[in-house]
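Remarks on the structure that follows.
Bear in mind these aren't lab numbers, they're just calculated from the coordinates by the rules spelled out. None of the values given here were measured: they were computed from a predicted structure. Here Cβ is always computed from backbone atoms with ideal geometry, including for glycine, and neighbour counts include all displayed protein chains.
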Amino acid sequence: AKEPVRVLVTGAAGQIGYALVPMIARGVMLGPDQPVILHMLDIPPAAEALNGVKMELVDAASPLLKGVVATTDVVEACTGVNIAVMVGGFPRKEGMERKDVMSKNVSIYKSQASALEQHAAPNCKVLVVANPANTNALILKEFAPSIPAKNITALTRLDHNRALGQISERLNVQVCDVKNVIIWGNHSSTQYPDVNHATVKTPSGEKPVRELVKDDAWLNGEFITTVQQRGAAIIKARKLSSALSAASSACDHIRDWVLGTPEGTWVSMGVYSDGSYNVPAGVIYSFPVTCKNGEWTIVQGLAIDDLSRKKLDITGAELCEEKELAYSCLS
Ligand code: NAI
């Protein structure tokens with residue numbers, strides 16, 4: 001039998017946490033033959049609710065779940081973890097400036113960076129979900145210098161999956177037959193959902209999405225804004241932000257990272273930019289990546305047309321500006 005993998009979920013008493021921990025316990029993240037021990041962290045005001053989640057996990061009696069640590073102690077939460085899914089954060093409240101939200105969150109990520117660096121298992125893989133996700137991940141990377149930069153990522157898989165969903169609805173095809181969309185840049189409304197290299201499996205072979213949709217105005221307009229603003233549309237409908245889709249996408253992100261992407265398929269991940277595609281280096285930027293043996297690689301050599309170039313630059317500029325703002329909050 002396999003040794004259990006220790007998976008940390010921060011903010012585990014929150015909305016996404018409540019959707020995510022049962023998925024992990026049932027093998028959605030790491031596969032049906034991988035036992036797990038869940039580490040759940042939240043803050044003291046949520047301690048009782050966190051304990052309730054632990055009670056429900058016990059009651060769910062998942063055969064893969066070999067233990068649960070539910071704590072408000074960051075060190076206890078981080079100790080020995082192989083995977084860390086960082087969902088905990090300070091939500092934007094009415095009347096709060098962007099800078100105030102940024103300030104609250106980057107200080108959380110700065111301190112949790114140190115705890116992970118000192119107490120997580122070697123080679124721990126980190127996924128930051130909490131917003132501003134890319135910049136929180138960057139701060140985590142900067143303040144955990146001994147964790148390799150390649151181990152620190154941000155979630156844009158939800159945006160990627162949203163793009164797949166929109167194409168599948170438009171063409172009335174199965175979502176599993178659509179692949180290789182790309183989310184470039186920031187997990188924010190400047191992100192660029194790009195279908196220029198996306199394809200659909202059809203009875204007569206793989207066809208480009210552009211050829212099948214035959215409506216460039218839709219692809220260059222409404223499709224992009226729908227994906228960019230999907231989060232806001234969910235809030236409007238549910239009066240709460242996306243939770244089950246965020247949790248499910250976080251599982252997809254980790255699963256593909258650990259177990260590998262299928263041959264011929266790439267996914268979108270926020271990763272530490274090396275300046276590929278002439279986007280800014282030194283920020284966490286979402287790229288198309290393939291994964292193998294637990295490591296991601298940016299897909300190289302894709303053609304970037306003029307419209308795309310502008311959009312890659314806009315979201316890159318926003319990330320540089322966020323980085324500056326984050327540092328000004330910490331100084
Ligand atoms: P929520 O407010 O329901 O849960 C957040 C939890 O984090 C709360 O239980 C809170 O007590 C906890 N928390 C606050 N500070 C903490 C700290 N220092 N350490 C540990 N836990 C802490 O929020 P929800 O809906 O679960 O969303 C979580 C985050 O994910 C938000 O920042 C949201 O904006 C972000 N998000 C990101 C998405 C993405 O695609 N990257 C998609 C959807 C949401």
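Ranking request for peptides 46-54, 286-294: highest mean number of other beta-carbon atoms within 10 Å first, then the rest in descending order.
286-294, 46-54
Percent antiparallel among DSSP beta bridges with both residues in the chain, to the nearest 5?
Taking every DSSP beta bridge within the chain, about 50 percent pair in antiparallel fashion.
Rounded, prolate or oblate: which fits segment 157-322, taking a ≥ b ≥ c as square roots of the Cα gyration tensor eigenvalues, rounded meaning a/c under 1.5, else prolate when a/b beats b/c? Could the numbers behind the result be given before it?
Details: a/c = 1.18, a/b = 1.10, b/c = 1.07.
It is rounded, given that a/c, with a ≥ b ≥ c, falls under 1.5.
Let me know the shape class of segment 5-154, please: from the alpha-carbon gyration tensor, a ≥ b ≥ c as square roots of the eigenvalues, rounded when a/c is under 1.5, otherwise prolate if a/b is greater than b/c, or oblate.
Here segment 5-154 falls in the oblate category.
Going by a ≥ b ≥ c, the root eigenvalues of the Cα gyration tensor, does segment 282-327 fall in the rounded group (a/c under 1.5), the prolate group (a/b larger than b/c) or the oblate group?
Note, shape of segment 282-327 comes out oblate.
Which lysines have a Cα less than 25 Å from the Cα of LYS141, not counting those fewer than 8 places away in the same chain?
LYS99, LYS104, LYS110, LYS125, LYS150, LYS292, LYS323
Expressed as cubic angstrom per residue, what is the convex hull volume of the alpha carbon set of the chain?
Cα-based convex hull of the chain, divided per residue, equals 143 Å³.
At a 10 Å Cβ-Cβ cut-off, how would you order MET29, MET23, fewest neighbours first? Before the final figure, lay out the partial values.
Numbers: MET29 25, MET23 15.
Ascending number of Cβ neighbours within 10 Å: MET23, MET29.
Lysines near LYS214 by alpha-carbon distance under 30 Å, same-chain residues fewer than 8 away left out - which ones?
LYS179, LYS201, LYS310, LYS311
To the nearest 20 Debye, how big is the dipole of segment 87-211 about its Cα centre, given +1 on the beta carbon of each Lys and Arg and -1 on that of each Asp and Glu?
Roughly 80 debye, rounded to the nearest 20.
Using alpha carbon centroids, what distance separates segment 235-314 and segment 167-226, in Å?
15 Å
Using only DSSP helix segments of four residues or longer, with each worth -39500 (n - 2.57), what per-residue ellipticity at 222 nm results for the chain after dividing by its residue count and rounding to 500?
Calculated mean residue ellipticity at 222 nm is -13500 deg cm²/dmol.
Along the charge dipole of the chain, pointing to its positive end and built from +1/-1 on Cβ of Lys, Arg, Asp and Glu, which listed residue (VAL74, THR202, ASN51) has its Cα farthest out?
ASN51
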